[in-house]
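J.: Let me begin by handing over the structure; questions about it come next.
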Amino acid sequence: MTGYLIMFSISFYILICPFIGSEDVVIAQESSLDRILKEGIIRIGTTGDYKPFTFLNPVSGEYEGYDIDAAEMLARSLGVKIQWVPTTWATLVKGITANQYDIAVGGITRTLSRLKRVGMSTAYFTVGKCPLIRISDQDRFHSIDDIDQIGVKIGVNPGGTNEAFVRAYFTRATIIMVDNNLDIPSKIQSHEIDAMITDNVEAVLVSGQHADLYALNPDQPANRDELGYMTPRDDQALLNWINAWVHEMKIQKKFDPLHNRWILK
């Protein structure tokens with residue numbers, strides 16, 4: 001009987017031993033936030049083709065826009081410098097998961113699909129989809145339903161929420177893929193395509209720069225989306241810091257000058 005008790009005690013100890021004091025042996029995984037602070041550099045991915053949030057100026061060779069200015073402010077708050085990393089809408093998520101950059105900025109929509117693979121900060125801006133058309137087609141197109149007709153051509157760049165929206169809601173019109181988002185308005189002007197579906201803020205900006213283009217119902221968009229900054233999905237320390245930074249920017253109204261410079265200009 002004594003031998004049985006000894007064997008039982010040993011077996012029980014073996015079973016529970018891994019859990020005794022486990023909190024003392026867990027090694028926390030280093031956040032990329034630690035590396036960023038240590039190296040003094042944050043790698044930021046951006047597409048450079050989505051005004052007014054991110055635009056690679058071909059003359060200066062520098063990025064500019066609402067989120068470029070915001071990223072500069074974020075880096076200063078961290079006390080680090082920025083290493084810009086070019087990316088595309090089609091490879092945006094992959095750039096995060098492959099550790100090509102620490103965060104991504106530039107009018108990025110928070111979606112449930114993206115959140116399966118990456119993290120997204122709390123929202124800092126709200127947008128909605130609306131068409132960009134020729135001003136001469138105001139009588140032809142009054143709504144998205146008018147555009148979704150046989151013979152109508154819609155231009156869209158691959159990989160982003162614009163493509164996702166178009167493929168979900170347009171079943172009759174012909175979808176034309178255009179690699180560079182910035183090339184689509186000129187294709188509307190040249191009649192290569194008839195419309196572009198984009199965020200209302202971009203449609204208003206572009207139509208304001210080109211008298212022959214028209215933003216259709218920007219105050220009554222087809223949906224509502226929120227923009228955020230993209231991070232690695234499981235890097236909670238970095239996401240916590242960015243969320244806190246966004247919150248402070250909001251309550252201290254530090255986004256307001258960016259809005260005045262890039263949205264209202």
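Just so it is clear, none of the values below were taken in a lab; they were calculated from the coordinates. Computed from a predicted model, the values in this text were never measured in an experiment. With ideal geometry, Cβ positions are generated from the backbone for all residues, glycine too; neighbour counts draw on all protein chains shown.
J.: Pop a pseudo-label 7 angstrom from the Cα along the beta-carbon direction at both residue 260 and residue 123 and give the gap in nm to one decimal.
T.: Here the modelled spin labels are 2.5 nm apart.
J.: Diagonalise the Cα gyration tensor of the stretch 142-230 and give the resulting equivalent ellipsoid semi-axes, square root of 5 times each eigenvalue, largest first, whole Å.
T.: The answer is 18, 16, 14 Å, longest axis first.
J.: While we're looking at this one, here's another question. For the stretch 116-157 and the stretch 168-246, what is the separation of their C-alpha centers, rounded to whole Å?
T.: If we compute the Cα centre of each part, the gap is 7 Å.
J.: Work out from phi, with θ = phi - 60° and the Karplus expression 6.51 cos²θ - 1.76 cosθ + 1.60, the ³J(HN,Hα) of each residue of the stretch 165-181, listed in order in whole Hz, and give x for Gly and Pro.
T.: With the stated coefficients, the stretch 165-181 comes to 5, 4, 5, 7, 10, 10, 10, 10, 5, 8, 9, 10, 7, 10, 4, 9, 4 Hz.
J.: Here's another thing I want to ask about it. Relative contact order for the chain using alpha-carbon pairs under 8 Å, separation at least 6, rounded to a whole percent?
T.: Across the chain, relative contact order equals 25 percent.
J.: In straight Cα distance, which lysines are under 21 Å from residue 250, not counting same-chain residues fewer than 8 positions off?
T.: List returned: 265.
J.: For a quick check: sort 178, 156, 93 by the number of other beta carbons within 10 angstrom, fewest at the front.
T.: With the sparsest Cβ surroundings first, the list reads 178, 93, 156.
J.: Please report the antiparallel percentage of the DSSP beta bridges confined to the chain, to the nearest 5.
T.: 60
J.: Let me ask something additional. Let me check against my output: what whole-number percent is the relative contact order of the stretch 129-215, with C-alpha pairs under 8 Å and at least 6 apart?
T.: Answer for the stretch 129-215 is 45 percent.
J.: Please sort 251-264, 66-79, 131-144 by packing, taking for each peptide the average over its residues of neighbouring beta carbons within 10 angstrom, highest first.
T.: Going from most to least packed, we get 66-79, 131-144, 251-264.
J.: Using every pair of alpha-carbon atoms in the chain, split the distances into 10 Å bins beginning at 0 and state the percent of pairs per bin, rounded to integers.
T.: Using 10 Å bins, I get a P(r) of 6, 26, 28, 17, 8, 5, 4, 3, 1, 0 for the chain.
J.: Something else now. Suppose the chain between residue 72 and residue 244 were pulled fully straight at 0.36 nm per residue; how much longer would it get relative to their current alpha carbon spacing?
T.: So the extension gain works out to 60.3 nm.
J.: Among 71, 210, 119, which residue has its Cα furthest toward the positive end of the charge dipole of the chain, with +1 on Lys/Arg Cβ and -1 on Asp/Glu Cβ?
T.: 119
J.: Taking K and R as +1 and D and E as -1, what net charge do the other residues with C-beta under 11 Å from the C-beta of residue 169 add up to?
T.: The answer is +1.
J.: Here's another thing I want to ask about it. From the phi of every residue in the stretch 202-215, what ³J(HN,Hα) in whole Hz does the Karplus formula 6.51 cos²θ - 1.76 cosθ + 1.60 yield, where θ is phi - 60° and glycine or proline is x?
T.: Each residue's phi maps through the Karplus curve to give 6, 4, 5, 4, 5, 5, x, 8, 10, 5, 8, 10, 9, 8 Hz.
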